[in-house]
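One structure below.
The values are calculated or read from the model by the stated rules, or taken from the named source; none is laboratory data. None of these values were measured; they are calculated from a predicted model. Positions of Cβ are generated from backbone atoms using ideal geometry, with glycine treated the same way; all protein chains shown enter the neighbour counts. All accessible areas refer to the heavy atoms of the entire protein, side chains included, with ligands and DNA or RNA removed. Shrake-Rupley method; radii C 1.70, N 1.55, O 1.52, S 1.80 Å.
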Amino acid sequence: MTLTAPITDTRTAAPTSGAALRVVVVNGSPSESSKTMGLVGVVLNALERDMPVQRSQIDVYRLGPDFTGAIERDDIAADVEVVLQEAEQADLLIAATPVFRGSYTGMFKHFFDLIDQYALADKPVLLVATGGGEHHALMLEHAMRPLFGFFQALTIPVAIFASSGDFDGTTLLNPRVHGRVEMGLRDVTELLRARATGPEQGADARQRSILR
């Protein structure tokens with residue numbers, strides 16, 4: 001990851017035509033190999049079929065004691081500051097976590113406790129989660145969406161969830177979940193198109209897509 005200039009305008013601008021979409025994944029899983037990242041891989045591969053993507057991934061479990069021991073942003077080490085800014089400056093943020101005890105993981109929440117309160121305002125955020133059973137999908141709406149509502153982020157309406165039975169190891173098998181990934185990414189594409197061309201042209205493009 002590279003340190004980029006500090007944000008002066010918190011509104012996320014759509015990438016110009018031909019520019020790669022800066023996608024940052026915040027991975028809340030505590031495991032190196034996880035179903036959560038298996039699901040995120042499906043999302044990223046599908047997104048890359050539609051547009052050029054510059055992807056980066058933040059594994060919160062790798063950030064170490066300088067991260068876990070920090071209480072406030074002023075306390076963190078320089079390398080953790082770089083990672084936080086990477087998330088704050090993304091064009092699209094993918095927030096991904098397994099469900100632990102009915103919510104996101106503790107390190108996932110701690111990461112966002114250190115994010116600037118206004119840095120994610122109006123930023124597109126795609127919510128992704130995995131859990132042991134279908135009922136765990138409720139976490140997306142009662143925990144994750146309110147968290148990003150605090151930041152005034154623009155959460156994509158279709159959140160993506162897969163349960164343990166949808167995988168072989170970390171490989172997603174369930175075609176229904178693949179279909180939901182496509183549905184969620186259509187929302188992302190339409191949002192970015194509307195921002196790049198203006199709301200009226202974006203709406204026209206969406207109507208043409210429906211009529212195909």
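Looking at the range 92-103, is at least one residue touching a helix residue (DSSP H, G or I) at 6+ places or on another chain (Cβ under 7 Å) and part of a helix (DSSP H, G or I)? No, the range 92-103 contains no residue that is touching a helix residue (DSSP H, G or I) at 6+ places or on another chain (Cβ under 7 Å) and part of a helix (DSSP H, G or I). Select from the range 126-178 the residues that are of a type in the set (Phe, Trp, Tyr) and open to solvent by less than 50 Å² (accessible area, probe 1.4 Å) and write down the one among them that is nearest to the chain's Cα centre (by Cα). Within the range 126-178, the match that is nearest to the chain's Cα centre (by Cα) is PHE148.
Residues of the range 161-212 that are small (Gly, Ala, Ser), assigned to a helix (DSSP H, G or I) and at pLDDT below 90: ALA194, ALA196, GLY202, ALA203, ALA205, SER209.
The condition of being within 25 Å of LEU154 (Cβ to Cβ) and at pLDDT below 95 holds for only one of PRO65, PRO52, that being PRO52. Within the range 140-148, one or more residues are among the small types (Gly, Ala, Ser) and farther than 19 Å from LEU21 by Cα.
Just one residue in the set ARG49, ARG55 is of a type outside the set (Asp, Glu), within 14 Å of VAL188 (Cβ to Cβ) and assigned to a helix (DSSP H, G or I); that residue is ARG49.
A quick yes/no check of all residues on (1) open to solvent by 20 Å² or more (accessible area, probe 1.4 Å); (2) more than 24 Å from ARG145 (Cβ to Cβ); (3) modelled with pLDDT under 95:
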| residue | (1), (2), (3) |
| --- | --- |
| ALA20 | yes, yes, yes |
| VAL42 | yes, no, no |
| LEU93 | no, no, no |
| THR105 | no, no, no |
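I need the full set of residues from the range 22-40 which are surrounded by 14 or more Cβ atoms within 10 Å (Cβ to Cβ) and either part of a helix (DSSP H, G or I) or over 12 Å from the mean Cα position of the chain (by Cα) (or both), in order please. Of everything in the range 22-40, those that are surrounded by 14 or more Cβ atoms within 10 Å (Cβ to Cβ) and either part of a helix (DSSP H, G or I) or over 12 Å from the mean Cα position of the chain (by Cα) (or both) turn out to be SER29, PRO30, SER34, LYS35, THR36, MET37, GLY38, LEU39, VAL40.
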